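Notes follow the structure.
The values are calculated or read from the model by the stated rules, or taken from the named source; none is laboratory data. On a predicted model such as this, the values are computed, not experimentally measured, just so you know. Positions of Cβ are backbone-derived with ideal geometry, glycine not excepted, and every protein chain shown enters the neighbour counts. Surface accessibility is based on the protein's heavy atoms, side chains included, excluding ligands, DNA and RNA. Shrake-Rupley method; radii C 1.70, N 1.55, O 1.52, S 1.80 Å.
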Amino acid sequence: MARIETLTAYKCRFSYLQRNNPLIEEQREAIRKGEEPNYSFSDFIETYKEYTSNLAIGENSDRAIALTENKVEFRERNEVKIWHIMPNAGKQGKPITVMKKTGEKHNYGSDAAALYEYHVFVYENDNGFIAIFHRQNGSGCKSVFLETANNAIKGKGLKLEMELIVPMVDEINDVTPTKIIMQFSKQELSSDVADNVNGTKKKHIIREVVLNLEEQENSKILDILRKLHAKEIDQANAFTLIKTELNDDVDYNDAEIKVRIGGKRHQKIRWCEFESIVGAHDISARLYEAYKSSHDFAGELAKLSDEYYDDILESEEV
């Protein structure tokens, strides 16, 4: 079983834009009273399908996404509305070479995008909605989905907010940080012409410091990461606290964390990906075992997503 299959859940809500709101005069009173918009996922999905029906670009996430009408399935279960969304998403803005197994090569320019199918499950009841994103080996479409979703509804004076739901009991949630590599880096133009398309810059690490988190001297930093894991502090605050503990003159601006997962597997995680890793619900073994019998990957994935949603409700995490 080479791939790691996970589900990552987010509690979602729509709120009013406070800045750059084209409808600020119409919505000012509702904003002043702290009211929630009368806007559901049922309303949103129609707008989003139209916005992404051809191709939507996420400039900040450096990715593109496309969602056609036939890639959205709807059903209801126990008075919960469920959407299975299957967008195509992937990197954009760089030249692409597609190789066939025969050796045949197809080259595309930076105006093309390399897209793969992903799966998102959205559950809506009277109390709100939860989005569950499927990821393979850490790859998913959450970032570009969120960015393009907000682009799609900005004209309505609204924004989509998503809060990570950390699994309470989970094999992959047994994550123990063993080392942190603090980095000071600059973005510089790469010597590789392909890396410089559209002004893309390559990360150039100037200084690194490695801290062994299994040593008592670094226990305070380990505690900070545990608080981040438990959602007691956010990533920005955690990074500031770690820099304070180092107490040197270097303005570190990035990090990598080495972790031990489930007591056996070791993995290096970029700082910006730490939230997604600790929020992952590992379904690898169960998904592949079920797929052996049914040969229905999407169907088995939907069953496991439904089960995870039920577990989240039972845990009273939302």
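Assorted remarks:
- Verdict on GLU76 being more than 25 Å from ILE96 (Cα to Cα), among the acidic types (Asp, Glu), touching a residue at least 12 places away in the same chain (Cβ under 8 Å) and open to solvent by 50 Å² or more (accessible area, probe 1.4 Å): no
- Residue check, TYR48 closer than 15 Å to LYS156 by Cα, out of contact with any His (no Cβ under 7 Å at 6 or more places or on another chain) and either assigned to a strand (DSSP E or B) or open to solvent by less than 20 Å² (accessible area, probe 1.4 Å) (or both): yes
- Within segment 91-110, not a single residue is closer than 21 Å to ILE283 by Cβ, more than 12 Å from the chain's Cα centre (by Cα) and either modelled with pLDDT of 95 or more or surrounded by 19 or more Cβ atoms within 10 Å (Cβ to Cβ) (or both).
- Selection status of GLU29, more than 26 Å from ILE130 (Cβ to Cβ), at pLDDT below 90 and charged (D, E, K, R): yes
- All of (1) part of a loop (DSSP other than H, G, I, E, B); (2) at pLDDT 90 or above; (3) open to solvent by 80 Å² or more (accessible area, probe 1.4 Å) hold for ARG207 with one exception: (1).
- Here ILE85 does not qualify as within 27 Å of TYR118 (Cβ to Cβ), crowded, with 19+ Cβ neighbours inside 10 Å and in contact (Cβ under 8 Å) with a residue 60 or more places away in the chain.
- Against the conditions (1) at pLDDT 90 or above; (2) surrounded by fewer than 17 Cβ atoms within 10 Å (Cβ to Cβ), TYR39 satisfies every one except (2).
- Scanning segment 80-87 turns up no residue that is modelled with pLDDT under 95, within 22 Å of ARG286 (Cβ to Cβ) and of a type in the set (A, V, I, L, M).
- Inside segment 60-73, residues that are assigned to a strand (DSSP E or B) and open to solvent by 60 Å² or more (accessible area, probe 1.4 Å) make up a count of 2.
Rundown of residues vs (1) at pLDDT 90 or above; (2) in a helix (DSSP H, G or I); (3) acidic (Asp, Glu); (4) under 27 Å from VAL80 (Cα atoms), yes/no style:
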site: ILE221; (1), (2), (3), (4): yes, yes, no, no
site: ILE233; (1), (2), (3), (4): no, no, no, no
site: GLU245; (1), (2), (3), (4): yes, yes, yes, no
site: ASP248; (1), (2), (3), (4): no, no, yes, no
site: HIS266; (1), (2), (3), (4): no, no, no, no
site: LEU304; (1), (2), (3), (4): yes, yes, no, yes
site: TYR308; (1), (2), (3), (4): yes, yes, no, yes
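- Within segment 16-37, being out of contact with any Phe, Trp or Tyr (no Cβ under 9 Å at 6 or more places or on another chain) and part of a loop (DSSP other than H, G, I, E, B) holds for LEU17, GLN18, ARG19, ASN20, ASN21, PRO22, GLY34.
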